[in-house]
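Each remark here refers to the structure printed beneath this line.
The values are calculated or read from the model by the stated rules, or taken from the named source; none is laboratory data. This is a predicted model, so every value here is computed, not measured. Every residue, glycine as well, gets a Cβ built from its backbone with ideal geometry; the counts of neighbours run over all protein chains shown.
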Amino acid sequence: MNKLNSYDNYIDFLNIVDDALAEVNNDNFAIIIFKLNDIHDINTSYNYNIGNKLYHRAYEWLNDNTRDGDIVHPLTIDKFVLLLKDIKNTGHLKLAANKLIQFSSEYYSIDESVIFSQVTLGIFLTTIKKISSIRILQNAEISLELADKNKTSYEITYEIDEKSEKNEIKSFALKSNLETALENNEFYLTYQPKVNANTGTPVGLEALIRWNNPQLGLVPPDLFIPYLEESRKINLVTDFVLNTALRKQIDLSNHNFQLPISVNFSAISLQQPMIDKIINKAIAIWGNNPSNLALEVTETALMDNTKETISILNNIKENGITISIDDFGTGYSSLSYFKNIPADEVKIDKSFIQNIIHDRADYDVVKTIICLAHDFGHSVVAEGVENIETWNILKTLNCDVIQGYYFSKPLIYEDLLKWLARHNLDSCASA
């Protein structure tokens, strides 16, 4: 580890950030300041040698609990700074933050003393490529001050790009139009087939929400879903998706297509009071078989409130509903997921699948997830399959189910019926 000279460490890290910025293309990246809150008290209560050894222990722990390619660098006697590249979204960043604060969950034996230290994180996320390394570090410090002030484990601040004014106008337009989107019937569902990895036979569907606004046109879900969650209107939309998907599933059965259907649930929707009873009521209304419904929950939803969320999922699962963990493998998954989650299925994030042909590391990650999932009794779905070469690799790795554009893009209901009619569904019809 570098010597603990604050100024030298500061300059060294600025140089590292400058080098990293030169390599970053279109990926988000984050700076995290990791602060050991109790170093000064430890130095006073014990001695400086104990505090220094805890600092070194933290450095080793951080390197063991971050991804290959992430950078951990000493900053001051109680702080480290981390550079995380290729951050997919804020949910991905929250997974990283929740993993890092687990350092506080353990006691450390140092020189016959048992030491404990709380940590606080200041996090800065940006997509700007022309931003100074000094400003990046300053923003992370601001986030750390905010976390200290709010007495939270971490705080995240963001930097928008040069089109900030246009973004703010677009943001206002999105929020304004979302207020009436549901009552104006602007939301609709598309359905992406899921197929057996060995045969290519359809074995299920994923229901995906879409928004077509008269003024804004077709708005991507990753733009409007965060606003729905922020305004707490996501529950109304989830209710729409659930009931529409169940109703269409019954209609599909009338066409002799007996296919399970998956619906995405956010962390907020899962936290609704009596959510298991809400789901059961919707199933009863439309007369569906509970075993033909799957709830897809992201890793982020689990990390937001792990114990409570797992309890909720257990209640839902007891009613015969399938639980699927979406976006699995985005860099901060823990083996505890396999041990504790009441899941029937894990879905490997498409960022690994799409590079599996050429990237040995992604191949190894996918292989490991499939093997571990099977060992724990979970089936595996691979998302983002776009060519036959990827399909063939997944078959050799014993993946169970795949979905992606190679088989079908998400389809409106009328086109779905035509797509299913073109495929051999004898096995599905008799299920």
| query | Among the numbered criteria (1) at positive phi; (2) surrounded by 14 or more Cβ atoms within 10 Å (Cβ to Cβ), which single criterion is violated by GLY69? | reply | (2)
| In this structure, does GLY377 turn out to be within 25 Å of ARG210 (Cα to Cα), in a loop (DSSP other than H, G, I, E, B), of a type in the set (Gly, Ala, Ser) and at pLDDT 85 or above? | no
| Using beta carbons and a limit of 9 Å, which pairs, at least six apart or on different chains, have the first residue in the range 362-376 and among the hydroxyl-bearing types (Ser, Thr, Tyr) and the second one surrounded by 16 or more Cβ atoms within 10 Å (Cβ to Cβ) and at pLDDT below 90? | TYR363/PHE352; TYR363/ASN355; THR368/GLY329
| query | Which condition does LEU144 not pass, out of (1) of a type outside the set (Phe, Trp, Tyr); (2) assigned by TED's automatic domain parsing to the domain that holds TRP391; (3) modelled with pLDDT of 90 or more, if it passes all the others? | reply | (2)
| Could you give every pair whose Cβ atoms fall below 7 Å, whose first residue belongs to the range 244-266 and is farther than 18 Å from LEU182 by Cα, and whose second residue is of a type in the set (A, V, I, L, M, F, W, C) and assigned to a loop (DSSP other than H, G, I, E, B), counting only separations of at least 6 or pairs across chains? | LEU252/LEU259; PHE257/LEU425; GLN258/ALA431
| Residue that is nearest to THR90 (Cα to Cα), among those in the range 135-157 that are touching a residue at least 40 places away in the same chain (Cβ under 8 Å) and touching a Phe, Trp or Tyr at 6+ places or on another chain (Cβ under 8 Å) | ILE156
| message | Which pairs turn up if I take residues in the range 44-56 that are assigned by TED's automatic domain parsing to the domain that holds VAL72 and look for partners that are in a helix (DSSP H, G or I) and surrounded by 13 or more Cβ atoms within 10 Å (Cβ to Cβ) with beta carbon separation below 8 Å, at least 6 apart in sequence or on another chain? | response | ILE50/ILE42; ILE50/ASN43; GLY51/ILE39; GLY51/ILE42; GLY51/ASN43; LEU54/ILE39; LEU54/ILE42; TYR55/ILE39
| field | Out of LEU205, LEU178, sole residue that is touching a residue at least 24 places away in the same chain (Cβ under 8 Å) and farther than 24 Å from SER324 by Cα | value | LEU178
